[in-house]
C-alpha cells in the first residue's frame, strides 16, 4: 500500500523557521516538502541521495531518520552491486558529517 503525504504551507513554514538564515545548502521545493513531512510524520524514515537534503538532516535533528539507498536496499534484500556513488552508505555518511559540522558552526555563530 502506498500512502501519499503532502505538506501544507504551515508545515513548510515550520521547517523553514528551524533552518539557519544563512545556510550553504540549497533546498528546492520538493526537498522542503519532503523534510516538512518528515518533521510532521514521526514514524517515517527518509531515503534520499541529494547532498543538500542529507546535510540538512543534522540541522533539523533528523539524522537518525534518514537512510541511504544502499542501506535501504540491503535491509529489504534488493541490493545489487554497482550503485552510483550518490546512492552509497559512504556518500550518505560523508554528507551527514558535513551537515553536523555546519550545524556546529551555525550554533557557534
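What follows draws every value from the coordinates through simple rules; no lab data is involved. Here the structure is a predicted model, which means the values were calculated and not measured. All Cβ positions, even for glycine, are placed from backbone atoms using ideal geometry, and neighbour counts span all protein chains on display.
Can you tell me how much longer the chain between residue 8 and residue 100 gets when fully stretched, taken as 0.36 nm per residue apart minus their C-alpha distance, in nm with one decimal? The partial results should precede the final answer.
Details: separation 92, 0.36 × 92 = 33.12 nm, distance 2.74 nm.
The span from residue 8 to residue 100 would gain 30.4 nm if fully extended.
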Seminar exercise, completed: Contour minus Cα-Cα span, residue 19 to residue 75, at 0.36 nm per residue, comes to 17.1 nm
Exercise. How do 78, 16, 27, 35 line up, fewest other C-beta atoms within 10 Å first?
Worked result: 78, 16, 27, 35
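So what is the orientation-averaged projected area of the range 9-108, using the convex hull of its C-alpha atoms, in nm²?
Details: hull surface 26.1 nm².
One quarter of the hull surface, i.e. the mean projection, equals 6.5 nm².
Compute the length gained on full extension between residue 40 and residue 64: take 0.36 nm times their separation in residues and subtract their Cα-Cα distance, giving the result in nm to one decimal.
My answer for the length gained is 7.1 nm.
Counting each DSSP H run of 4 or more residues in the chain as -39500 (n - 2.57), what helix-only mean residue ellipticity at 222 nm follows after dividing by all residues, to the nearest 500 deg cm²/dmol?
-15500 deg cm²/dmol
Please report the relative contact order for the range 9-108, taking Cα pairs under 8 Å with a sequence separation of at least 6, and give it as a percent rounded to a whole number.
Working: 96 pairs, mean separation 26.9, N = 100.
Answer for the range 9-108 is 27 percent.
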